[in-house]
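The values are calculated or read from the model by the stated rules, or taken from the named source; none is laboratory data. In this text, all values refer to a predicted model and were calculated from it rather than measured experimentally. All Cβ positions, glycine included, derive from the backbone under ideal geometry; neighbour counts span all protein chains shown. Quick note on the areas: whole protein, heavy atoms, side chains included, nothing else; ligands and nucleic acids left out. Shrake-Rupley method; radii C 1.70, N 1.55, O 1.52, S 1.80 Å.
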Amino acid sequence: MRINQTDPGWTPPHCPNRKCKYHNHSGGPWPWRRRGFYRCRSVPVPVQRLDCRACGVTFSTQTFSVSYWLKRPDLLERIFMRVTGCMCARQIARDLGCSPETVSRLIARLGRHCLLYHMEVWRQQAPQGPVVVDGFESFEYSQYHPIHHHVAVEKETDFWLYHTDSELRRKGRMTGAQKRRRADIEALHGRPDPRSIRKDMQELLEVTLSRAADAVVLSDEHRSYPPAIRAVACRIRHQVTNSKKPRTPGNPLFAVNLLDLLIRHSQANHKRETIAFSKRRQGSAERLAILQVWRNYMKWRREKRPGKTPAMLKGMMAQPLTLAILLEKRLFPGRVALPPRWGEYYARTVRTRELGSNRGHQLEYAF
Ligand SMILES: [Zn+2]
């Protein structure tokens, strides 16, 4: 919570009510007034209450804070670095002295904040130089449910542009018992769409190249990629590299190979043979959004050559982003346009087949 509660000059930037005509207001006067103070346990000083004279909604300085409706406002910052430092929810909970459910809820909240932050800062600018795309393999719930997280990265800056995901059918070598188990699961819960990789790669490219008239896209030889590329409105020159080629810095796909390594190195749910695997790919996408903000805006592009983050190389920022600035203010989903898949991530509507109940995000206050 960064808003200075004692600053008498603080003015609300817009109405927090998403149905109000002043919600998307930016700059200039709008009709609000101060309505006294109240006290709450998590803020040490009296909190200013205000109301919107257009829609009548009352709110406070806290409404614009990332710690709005949080009992433990200190946890957000501390969880952020632990998620990018490869700890699972239970380990973080032990470390911070709170319950694993609190950690999972706050990771989801940080993930939503990071989805909005990246879209607000990036603004789907046309990429700088070639774009490298790939599908990162992992699984949700059990190894009977493999998934791909599709990622797009700029070759020249390592800026991570966007990500989507696909659920896949389990393939590869299986014992007779495993084949029977797969048949039972599919009979009960259905099969993933066999065209999911093509569709989700198409959205990845459509969002990444929405402002580009032409582009160079580099990928491996996956056979679903050419039809996805043909379906995108942008003129694309597609360069293919054999995935067996050594994954050295000289490999044309190095930017995405490095990102794959970084994801596996930094997130507990994607380690090989882990017991911290994602129960839902929804949760995996939220963790990826946190990692994406850290990778693009906070972390040096190369650890051995510090001084520039990918966002600094692109000229988007003069300095690395700090956690204090990232969590400076609450971001409102009604004010930032999210692409289709990220809209689903925000609402938590990505379904995991075998789970009876997939909890969505319907909270109004604890956003
Ligand atoms: Zn209003």
Sole residue being within 16 Å of the ligand (Cβ to nearest atom) and either hydrophobic (A, V, I, L, M, F, W, C) or touching a His at 6+ places or on another chain (Cβ under 7 Å) (or both), chosen from Ala54, Ala108: Ala54
When only residues in the range 7-45 that are open to solvent by 50 Å² or more (accessible area, probe 1.4 Å) and touching a strand residue (DSSP E or B) at 6+ places or on another chain (Cβ under 7 Å) count, which is farthest from the ligand (Cβ to nearest atom)? Arg39
Scan the range 106-120 and tell me whether some residue there is open to solvent by less than 60 Å² (accessible area, probe 1.4 Å) and in a strand (DSSP E or B). no
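For Val131, state whether it is in contact with a Ser or Thr (Cβ under 8 Å, 6 or more places away or on another chain) and either surrounded by 20 or more Cβ atoms within 10 Å (Cβ to Cβ) or not hydroxyl-bearing (Ser, Thr, Tyr) (or both).
Values: in contact with a Ser or Thr (Cβ under 8 Å, 6 or more places away or on another chain): yes; either surrounded by 20 or more Cβ atoms within 10 Å (Cβ to Cβ) or not hydroxyl-bearing (Ser, Thr, Tyr) (or both): yes.
Taking the combined requirement at face value, the residue satisfies it.
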Please pick out the residue among Thr63, Thr84 that is touching a residue at least 60 places away in the same chain (Cβ under 8 Å), closer than 20 Å to Leu262 by Cβ and among the polar types (S, T, N, Q). Thr84
Listed residues His150, His118; which is in contact with a Gly (Cβ under 9 Å, 6 or more places away or on another chain) and touching a residue at least 24 places away in the same chain (Cβ under 8 Å)? His150
Counting only residues that are of a type in the set (S, T, N, Q) and under 26 Å from Val47 (Cβ atoms), which one in the range 64-121 is modelled with the highest pLDDT? Thr102
For the range 270-283, which residues satisfy the criterion of being assigned to a helix (DSSP H, G or I) and either surrounded by fewer than 23 Cβ atoms within 10 Å (Cβ to Cβ) or free of Cβ contacts under 8 Å to residues at least 60 places away in the same chain (or both)? Gly283
Tally time: how many residues in the range 57-80 are touching a Lys or Arg at 6+ places or on another chain (Cβ under 8 Å) and either more than 11 Å from the ligand (Cβ to nearest atom) or open to solvent by less than 40 Å² (accessible area, probe 1.4 Å) (or both)? 9
